[in-house]
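Below you'll find the structure, written out as structure tokens, and then a few comments.
The values are calculated or read from the model by the stated rules, or taken from the named source; none is laboratory data. Bear in mind the structure is a predicted one, so any value in this text is a computation, not a measurement. Every residue, glycine as well, gets a Cβ built from its backbone with ideal geometry; the counts of neighbours run over all protein chains shown. Remember, those area values only see protein heavy atoms, side chains included, never the ligands or the DNA or RNA. Shrake-Rupley method; radii C 1.70, N 1.55, O 1.52, S 1.80 Å.
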Amino acid sequence: MDLVSVIIPTHNRSGGIRKTIDSLLRLDYKNIEIIVVDDCSSDDTVRVLKKYGKRIKLLRRKTNGGPAAARNDGLKVSRGRYVAFTDSDCTVSGAWISKLVKFMEKQPPHAAGVCGRIYPPKDANFLMNCIYFMPQMDGNTMQSENLGVPFDVESISCNNALWRGNVIRGMRF
């Protein structure tokens with residue numbers, strides 16, 4: 001089982017970051033390192049994260065740089081063959097990493113990354129449901145999901161993606 005580095009940028013999420021971390025700790029894929037990059041939170045986010053002790057690697061930025069800068073910091077210390085991204089307001093299914101790794105391992109060596117479908121929160125209103133569904137309406141996404149075949153994209157959502165570590169570490173957001 002290859003090591004997967006899971007990188008989570010966060011800023012002022014003391015009220016919700018527990019759900020994200022707890023869902024990662026319940027994954028069926030156990031060979032992960034969880035890297036949380038705090039982007040200068042002014043609330044209790046760091047205090048909440050410190051309670052996880054050695055189960056997570058906590059990095060703290062000195063200046064607020066946004067999610068891309070936080071992801072770059074996480075990439076610098078990541079050790080995994082694969083690197084996964086999620087966000088601090090997301091929860092993941094128990095098979096999230098194992099499904100992405102399984103799919104990635106079937107791809108040709110030049111495939112940089114794969115991503116999964118993103119679902120709205122259970123309490124989402126009609127507009128939020130539409131916003132989550134719209135990016136998945138293009139023909140390539142529907143065809144790929146129905147046939148189980150990969151396709152080229154111009155961008156990947158950073159809250160549900162898995163990359164080959166050797167590829168993503170050579171990129172900057």
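Taking region 29-44 on its own, how many of its residues are without any contact (Cβ under 8 Å) to a residue 60 or more places away in the chain and touching a helix residue (DSSP H, G or I) at 6+ places or on another chain (Cβ under 6 Å)?
6
Taking only pairs six or more apart or across chains, which ones have beta-carbon atoms under 6 Å, a first residue in region 88-106 that is touching a residue at least 60 places away in the same chain (Cβ under 8 Å) and among the small types (Gly, Ala, Ser), and a second residue that is assigned to a loop (DSSP other than H, G, I, E, B) and open to solvent by 70 Å² or more (accessible area, probe 1.4 Å)?
Matching pairs, first to second residue: SER88/ARG13; GLY94/ARG26; GLY94/ASP28; ALA95/ASP28; SER98/ASP28.
Can you tell me which condition ASP87 does not meet? The list is (1) modelled with pLDDT of 75 or more; (2) part of a helix (DSSP H, G or I); (3) not basic (Lys, Arg), and all the others hold.
Result: ASP87 passes all but (2).
Conditions (1) β-branched (Val, Ile, Thr); (2) crowded, with 17+ Cβ neighbours inside 10 Å, marked per residue:
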position: ASP43; (1), (2): no, no
position: ARG47; (1), (2): no, no
position: ASN64; (1), (2): no, no
position: PRO67; (1), (2): no, yes
position: VAL92; (1), (2): yes, yes
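Give just the number: which of (1) modelled with pLDDT under 95; (2) open to solvent by less than 80 Å² (accessible area, probe 1.4 Å); (3) touching a helix residue (DSSP H, G or I) at 6+ places or on another chain (Cβ under 6 Å) does LEU100 not satisfy?
Going through the list (1) modelled with pLDDT under 95; (2) open to solvent by less than 80 Å² (accessible area, probe 1.4 Å); (3) touching a helix residue (DSSP H, G or I) at 6+ places or on another chain (Cβ under 6 Å), LEU100 breaks only (3).
From (1) touching a residue at least 24 places away in the same chain (Cβ under 8 Å); (2) not in a helix (DSSP H, G or I), pick out the condition that doesn't hold for LEU49.
Checking LEU49 against (1) touching a residue at least 24 places away in the same chain (Cβ under 8 Å); (2) not in a helix (DSSP H, G or I), the one that fails is (2).
Would you say SER93 is in a loop (DSSP other than H, G, I, E, B) and either more than 27 Å from PRO109 (Cα to Cα) or aromatic (Phe, Trp, Tyr) (or both)?
no
Among the numbered criteria (1) open to solvent by 40 Å² or more (accessible area, probe 1.4 Å); (2) closer than 24 Å to LYS99 by Cβ; (3) part of a helix (DSSP H, G or I), which one does ARG79 miss?
In the conditions (1) open to solvent by 40 Å² or more (accessible area, probe 1.4 Å); (2) closer than 24 Å to LYS99 by Cβ; (3) part of a helix (DSSP H, G or I), ARG79 misses (3) alone.
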